[in-house]
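Chemist: Dropping a structure here in structure tokens format, bear with me for questions.
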Amino acid sequence: MLQTIFYGLTIGGILYIISIGLSLTFGAMGIVNFSHGLIYAIGAYTIYAVMAKMGINFILGAVIAVLVSIPFSYIIEKYVIRRLYGESIDYAIIATYAVLLIGVDAIKWIWGASPLPISDPVGISIQFLTMEMPLYRLIIIGLTLLILIGLSLFFKKTIIGKIIIAGLGDREAVRGLGIRLDKYFAIIFILGSALAALGGVLYSPISTLHPYMGFHILILCFAVVIVGGMGNLRGTAIAAFSLGLVMAITGRIWGPAAEAMVYVVMAFVLMIRPIET
Amino acid sequence: MADTILLAKGVTKRFDGLTAVHNVTYEVKAGETAGIIGPNGAGKSTFFNLLTGFFIPDEGQIFYLGEEITRTPSYERVNRGIVRTFQLVSVFDTMTVLENMMLSRIRQGRDYRSKRRFFFKSVYHPDLVDECLQALDTLGIADKADIKTSDLSYGEKRELEIVIALSLNPKVLLLDEPFAGLSPIEIGHISRVVQQLSGKFAILIVEHKISKLVELVERLCVLNEGTLVCSGTPGKVICDPQVRECYWGKEETA
Ligand SMILES: Nc1ncnc2c1ncn2[C@@H]1O[C@H](COP(=O)(O)OP(=O)(O)O)[C@@H](O)[C@H]1O
Ligand SMILES: [Mg+2]
């Protein structure tokens, strides 16, 4: 059981890292951003490329993968997202979905459609009481906690953080203060995307790479964002870890139901949560 | 003769077939305190949104200090001196009073954020904190600096919103129903604040109820169903038969 919880926390951590960007984009800009899944896949495929083809080690590869994702998210922000401010949500869904589809085809074209494995970059397990814990998963949990603390300090202490928090509450009022909110949203969009790429890097040794991995994670992360509340940072963290645990525990009882259970929880939360206006 | 500071020329704004503001021409002169009244749904807030850049008019133009600003983004208008408050008080509830204040100062204090450390620049710069406390003190609410804004009364929030607006150095201050939802005591308080500010810069107040404006403004206009119907001194406007017809019945019941 302890091991299941431990696995759940790993998955929850990764879900958290990927969901923050999605949650902020939705909460702050009112945009449902499917292209987030593409950035995640870019992170994963880049680490594969630099490790398998160039023989670079995992840590340096992770840094490269996150850096590689930045020009992509910059372009997506500048040519797609920025044009969607104030448009209806359907446009945002269609436009960012198109970006994701283009990306999936590009991945198939470059790397082919078959799944690619990445081996555990640490390869050591730690003996704890009666169970074996892969050190890699421990590192993921640690890293997630660092990101969690770093982000909460960022949003509490820095000027950009304060502006974003204010913008999450009331966009118009921030503009009424003479602050050019779009610029700050762009910064936060790229930060959130870089975290998605990092999530792709971290998740790839635990699962396998395939062109549709972006779709797959996106649906889980939407569940996290919906359960946690759009644009709610603390809620996103709590929802990510809870749903990670739900997946791990359900998976232990009956494997195929693991992800379905996530949506059951999501539906339940939607049902009991009071409707906000 | 006073100079025109803000001018709307034949502005129209439609929402899916509904014309919220129809061919309105209106000017605000430098240093004057002017008012617009009109029943709910008359288009007052929409007109404000046109002046401040939150909406772009479908027709007509807007000028500020002689320059056309019809399509200038709202944040830039604020930086040039067109500052507003909102009908529903707009302060950031999850933050403290001081933090709310800081957000308004960030824009001016360019040296608070050296480019080098822009990304991680702390909001708690001692100079910035001092400045904000001083600004809060002008309305005697410096002691509330560390209180979460959500714990303030509605009237206190309105005061805070006005302090914030003032710290943006307005050349023209637009107040959208500043008395809505306030108790008579709070209304008196805000009225006095407005009276003290009168003459320092142009003020345009939009109100639903005529009585609150009569003593505050030098010039009053009536907006009804998106059209300006009458304009003049408050005394004259109150007596205008057209105004009585379209407006008076709804007045003073609330
Ligand atoms: N964003 C909007 N979308 C659609 N209709 C709107 C919008 N804002 C205002 N309206 C409509 O325009 C009319 C004028 O509204 P408003 O300017 O808020 O009036 P007032 O401030 O005088 O009460 C109303 O009929 C209102 O329903
Ligand atoms: Mg209004």
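Read-outs throughout are calculated quantities, based only on the coordinates presented, and are distinct from any laboratory measurement. On a predicted model such as this, the values are computed, not experimentally measured, just so you know. Positions of Cβ are backbone-derived with ideal geometry, glycine not excepted, and every protein chain shown enters the neighbour counts.
Chemist: Tally up the residues in the stretch B:195-213 that are within 26 Å of B:D3 (Cβ to Cβ) and surrounded by fewer than 22 Cβ atoms within 10 Å (Cβ to Cβ), please.
Modeler: Here is the first cut: in the stretch B:195-213, the residues within 26 Å of B:D3 (Cβ to Cβ) are B:195-207, B:213.
Imposing the further condition that a residue be surrounded by fewer than 22 Cβ atoms within 10 Å (Cβ to Cβ) reduces the set to B:195-201.
Qualifying residue count for the region: 7.
Chemist: Right, next: Say we look at the stretch B:50-62 and pick out the residues that are away from chain A (no Cβ under 14 Å) and either part of a strand (DSSP E or B) or in contact with a helix residue (DSSP H, G or I) (Cβ under 8 Å, 6 or more places away or on another chain) (or both); which of these is nearest to ligand 1 (Cβ to nearest atom)?
Modeler: Selected residue: B:P57.
Chemist: Out of the residues in the stretch B:72-105 that are among the β-branched types (V, I, T) and within 21 Å of B:S150 (Cα to Cα), state the one that is farthest from the other protein chains (Cβ to nearest Cβ).
Modeler: Here is the first cut: in the stretch B:72-105, the ones among the β-branched types (V, I, T) are B:72, B:78, B:82-83, B:85, B:89, B:91, B:94, B:96-97.
From the residues that got through so far, the ones that are within 21 Å of B:S150 (Cα to Cα) too are B:85, B:89, B:91, B:94, B:96-97.
Working: B:T85: 8, B:V89: 9, B:V91: 7, B:T94: 6, B:T96: 11, B:V97: 14 Å.
Restricting to residues being among the β-branched types (V, I, T) and within 21 Å of B:S150 (Cα to Cα), the top hit is B:V97.
Chemist: Report those helices (runs of 4 or more DSSP H) wholly inside the stretch A:15-123 carrying at least 2 residues which are more than 20 Å from the chain's Cα centre (by Cα) and without any contact (Cβ under 8 Å) to a residue 12 or more places away in the chain. Walk me through how you get there before you give the answer.
Modeler: Details: elements: A:35-48, A:58-79, A:89-111.
Passing ranges, in order: A:58-79, A:89-111.
Quick grid of which residues meet (1) touching a residue at least 12 places away in the same chain (Cβ under 8 Å); (2) in a loop (DSSP other than H, G, I, E, B); (3) away from chain B (no Cβ under 14 Å):
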{"residue": "A:M133", "(1), (2), (3)": "yes, no, yes"}
{"residue": "A:I165", "(1), (2), (3)": "no, no, no"}
{"residue": "A:F215", "(1), (2), (3)": "yes, no, yes"}
{"residue": "A:I219", "(1), (2), (3)": "no, no, yes"}
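Chemist: Residue by residue through the stretch B:165-185, note down the ones that are more than 16 Å from ligand 1 (Cβ to nearest atom) and either among the polar types (S, T, N, Q) or more than 14 Å from chain A (Cβ to nearest Cβ) (or both).
Modeler: First, the residues of the stretch B:165-185 that are more than 16 Å from ligand 1 (Cβ to nearest atom): B:165-173, B:182-185.
Within the stretch B:165-185, B:S167, B:N169, B:L182, B:S183, B:P184, B:I185 meet the criteria.
Chemist: Go over the candidates A:G112, A:G61 one by one and state the one that is away from chain B (no Cβ under 14 Å) and loosely packed, with under 13 Cβ neighbours inside 10 Å. Talk me through it step by step, then tell me what you get.
Modeler: Working: A:G61 fails: loosely packed, with under 13 Cβ neighbours inside 10 Å.
Among A:G112, A:G61, only A:G112 is away from chain B (no Cβ under 14 Å) and loosely packed, with under 13 Cβ neighbours inside 10 Å.
Chemist: Out of the stretch B:131-164, which residues are surrounded by 18 or more Cβ atoms within 10 Å (Cβ to Cβ) and within 14 Å of chain A (Cβ to nearest Cβ)?
Modeler: Result: B:C132, B:A135, B:T149, B:K157, B:R158, B:L160, B:E161, B:I162, B:V163, B:I164.
Chemist: Being closer than 17 Å to A:N232 by Cα, within 13 Å of chain B (Cβ to nearest Cβ) and over 17 Å from the mean Cα position of the chain (by Cα) narrows it down to one of A:G161, A:G150, so name that one. Even if it seems obvious, please write down each step before you answer.
Modeler: Working: A:G150 fails: over 17 Å from the mean Cα position of the chain (by Cα).
That would be A:G161, the only listed residue that is closer than 17 Å to A:N232 by Cα, within 13 Å of chain B (Cβ to nearest Cβ) and over 17 Å from the mean Cα position of the chain (by Cα).
Chemist: Find all pairs meeting these conditions: Cβ atoms under 6 angstrom apart; at least six residues apart or on different chains; first residue within the stretch B:21-42 and within 9 Å of ligand 1 (Cβ to nearest atom); second residue of a type in the set (G, A, S).
Modeler: Matching pairs, first to second residue: B:V21/B:G43; B:V21/B:G226.
Chemist: Which residue is nearest to ligand 2 (Cβ to nearest atom), if the candidates are limited to the stretch B:1-49 and must be within 14 Å of chain A (Cβ to nearest Cβ) and buried (at least 16 other Cβ atoms within 10 Å of the Cβ)?
Modeler: B:S45
Chemist: Among the listed residues B:V89, B:V78, B:V97, B:V83, which satisfies the condition of being buried (at least 19 other Cβ atoms within 10 Å of the Cβ) and within 16 Å of ligand 2 (Cβ to nearest atom)?
Modeler: Numbers: B:V78 fails: within 16 Å of ligand 2 (Cβ to nearest atom); B:V97 fails: within 16 Å of ligand 2 (Cβ to nearest atom); B:V83 fails: within 16 Å of ligand 2 (Cβ to nearest atom).
Going through B:V89, B:V78, B:V97, B:V83 in turn, just one is buried (at least 19 other Cβ atoms within 10 Å of the Cβ) and within 16 Å of ligand 2 (Cβ to nearest atom): B:V89.
Chemist: When you go through B:V163, B:V194, B:V172, B:V206 one by one, which is the residue that is touching a helix residue (DSSP H, G or I) at 6+ places or on another chain (Cβ under 7 Å), more than 16 Å from ligand 2 (Cβ to nearest atom) and touching a residue at least 24 places away in the same chain (Cβ under 8 Å)? It would help to see each step written out before you state the result.
Modeler: On the way: B:V194 fails: touching a helix residue (DSSP H, G or I) at 6+ places or on another chain (Cβ under 7 Å); B:V172 fails: touching a helix residue (DSSP H, G or I) at 6+ places or on another chain (Cβ under 7 Å); B:V206 fails: more than 16 Å from ligand 2 (Cβ to nearest atom).
Answer to the check: B:V163.
Chemist: Going through B:P234, B:P241 one at a time, which residue ends up being over 20 Å from B:E161 (Cβ atoms) and touching a residue at least 12 places away in the same chain (Cβ under 8 Å)?
Modeler: Working: B:P241 fails: touching a residue at least 12 places away in the same chain (Cβ under 8 Å).
The match here is B:P234.
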